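The values are calculated or read from the model by the stated rules, or taken from the named source; none is laboratory data. The shown structure was predicted, so the numbers you read here are calculated from the model rather than taken from an experiment. Cβ placement follows ideal geometry from the backbone for every residue including glycine, while neighbour counts extend to all protein chains displayed. Quick note on the areas: whole protein, heavy atoms, side chains included, nothing else; ligands and nucleic acids left out. Shrake-Rupley method; radii C 1.70, N 1.55, O 1.52, S 1.80 Å.
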Amino acid sequence: MTAVRLSGDLVESFRRDGFVVVPDLLSADELVQFGMSVDEGVARRSRADRRQLAEKSRYEQSFIQCQNLWEDCPGVRPLTFHPAITETAARLLGVDAIRIWHDQALYKEAGGRETDAHQDQPYWPIAETDTITAWIPFDGSTLDNGAMGYVPGSHLLGWRKFVNIFTGEPEDILSSDRLRQTPPIFVEVPAGSVAFHHGMTFHVAKPNLTEQIRRVHTAIYFRDGSTRGATFPHPSVDRAGIAEGSVIDSDVTPIAWPRSSGDLPPTPKDMLV
């Protein structure tokens, strides 16, 4: 494994604010190669959907979402388990090893609406909160094409709040007593850089006002040794029959770091497509 150069300032910023942009983790050639692989996976997964943007639900108008691309897209697996990204995630969390929870493409179409404010952790039945998302924009993100905004320090509030962004119109969590005094900071991410945010960080994304798709791949990682803390369903634990209170450890959520150079996990036995 090649050690990642990660300054103490970046680590401190992440632990203070709950998000950070780490520059130059992917080369220009990798962005092209991985971008094409994710494009192919998204096109294949969504080929039956002929709806126009206005015909989709509120949630679907925020982005095209394709999960677990690492399982059935061989060209995506080296991105989700890219050692520069996975080691950075582990070092930001300050843990010895991490596993993949799932990856997903989040392609915000031209004219796509904003992504409603929420935090990720309540959607996952993980008891512990050592979780982090790597947010990888293949073309970079701008304030015009759907940049992310993060509420700084919100991961330290100890507030685990479920916001239903999937159906209907969600509550305006940013206007709540705990968050309204701290507006989100919107961050443009240059191509090749990766934005990381903590699972407890409240965040939002701007609409895509451009004529091009905002192409983003994300990967969610969690500390090895974490346990299932709730019984509500989630494929990352249900597929392997992980019971409440048990350690989350299966081929569905393999070790992401550390791994030997060039070593990629096998396809889960019950691959989802």
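All but one of (1) in contact with a helix residue (DSSP H, G or I) (Cβ under 9 Å, 6 or more places away or on another chain); (2) buried (at least 16 other Cβ atoms within 10 Å of the Cβ) hold for ALA240; state the number of the condition that does not hold.
Failed condition: (1).
Anything in region 46-70 that is open to solvent by less than 70 Å² (accessible area, probe 1.4 Å) and part of a helix (DSSP H, G or I)? List them, or say none.
LEU53, LEU69, TRP70 - these are the residues of region 46-70 that are open to solvent by less than 70 Å² (accessible area, probe 1.4 Å) and part of a helix (DSSP H, G or I).
Would you check which residues across region 203-233 are surrounded by fewer than 17 Cβ atoms within 10 Å (Cβ to Cβ), at pLDDT 95 or above and closer than 24 Å to VAL95 by Cβ and list them?
Going residue by residue through region 203-233, those that are surrounded by fewer than 17 Cβ atoms within 10 Å (Cβ to Cβ) are 209-212, 225, 229-233.
Filter again for at pLDDT 95 or above, leaving 209-212, 225, 229, 232-233.
GLY225, GLY229, listed by residue number.
Can you find a residue in region 109-119 that is among the β-branched types (Val, Ile, Thr), under 15 Å from the mean Cα position of the chain (by Cα), farther than 26 Å from LEU264 by Cβ and open to solvent by 10 Å² or more (accessible area, probe 1.4 Å)?
Of all residues in region 109-119, those among the β-branched types (Val, Ile, Thr) come to 115.
Cutting the leftovers down to under 15 Å from the mean Cα position of the chain (by Cα) gives us 115.
Okay, now just the ones that are also farther than 26 Å from LEU264 by Cβ, so 115.
When the remaining residues are screened for being open to solvent by 10 Å² or more (accessible area, probe 1.4 Å), the result is 115.
Looking through region 109-119, at least one residue is among the β-branched types (Val, Ile, Thr), under 15 Å from the mean Cα position of the chain (by Cα), farther than 26 Å from LEU264 by Cβ and open to solvent by 10 Å² or more (accessible area, probe 1.4 Å).
Check whether at least one residue in region 148-162 is among the small types (Gly, Ala, Ser), surrounded by 12 or more Cβ atoms within 10 Å (Cβ to Cβ) and under 27 Å from THR210 (Cβ atoms), and report yes or no. I'd like the intermediate steps shown before the answer.
We begin by selecting, within region 148-162, every residue among the small types (Gly, Ala, Ser); these are 149, 153-154, 158.
Add one more test, that the residue is surrounded by 12 or more Cβ atoms within 10 Å (Cβ to Cβ), and what stays is 149, 153-154.
Filter again for under 27 Å from THR210 (Cβ atoms), leaving 149.
So far as region 148-162 goes, yes, one or more of its residues are among the small types (Gly, Ala, Ser), surrounded by 12 or more Cβ atoms within 10 Å (Cβ to Cβ) and under 27 Å from THR210 (Cβ atoms).
Can you name every residue in region 55-96 that is basic (Lys, Arg) and at pLDDT 95 or above?
Step one: filter region 55-96 for residues basic (Lys, Arg), giving 56, 58, 77, 91.
Passing the criteria: LYS56, ARG77, ARG91.
Can you run down the residue pairs with Cβ atoms below 6 Å, 6 or more apart or on separate chains, where the first is in region 132-146 and on the phi > 0 side of the Ramachandran plot and the partner is surrounded by fewer than 18 Cβ atoms within 10 Å (Cβ to Cβ) and at pLDDT 95 or above?
Matching pairs, first to second residue: GLY140/PRO190; GLY140/ALA191.
Looking only at region 162-200, which residues are over 18 Å from PRO23 (Cβ atoms), in contact with a strand residue (DSSP E or B) (Cβ under 7 Å, 6 or more places away or on another chain) and aliphatic (A, V, I, L, M)? Break it down into steps so the answer makes sense when it comes.
First, the residues of region 162-200 that are over 18 Å from PRO23 (Cβ atoms): 162-184, 198-200.
Subsequent filtering for residues that are in contact with a strand residue (DSSP E or B) (Cβ under 7 Å, 6 or more places away or on another chain) retains 163, 165, 170, 173-174, 184, 198-199.
Listed by number, the residues that qualify are VAL163, ILE165, ILE173, LEU174.
Give me a count of the residues in region 243-272 that are within 26 Å of ILE85 (Cβ to Cβ), surrounded by fewer than 16 Cβ atoms within 10 Å (Cβ to Cβ) and hydrophobic (A, V, I, L, M, F, W, C). Break it down into steps so the answer makes sense when it comes.
First pass over region 243-272, keeping only residues within 26 Å of ILE85 (Cβ to Cβ): 247-272.
Next, only the ones that are surrounded by fewer than 16 Cβ atoms within 10 Å (Cβ to Cβ) stay: 247, 251, 258, 260-264, 266-267, 269-272.
Of the ones still in play, those that are also hydrophobic (A, V, I, L, M, F, W, C) are 247, 264, 271-272.
Matching residues across region 243-272 total 4.
What number of residues within region 71-104 are in contact (Cβ under 8 Å) with a residue 40 or more places away in the chain, open to solvent by less than 10 Å² (accessible area, probe 1.4 Å) and more than 24 Å from PHE14 (Cβ to Cβ)?
Counting residues in region 71-104 that are in contact (Cβ under 8 Å) with a residue 40 or more places away in the chain, open to solvent by less than 10 Å² (accessible area, probe 1.4 Å) and more than 24 Å from PHE14 (Cβ to Cβ) gives 2.
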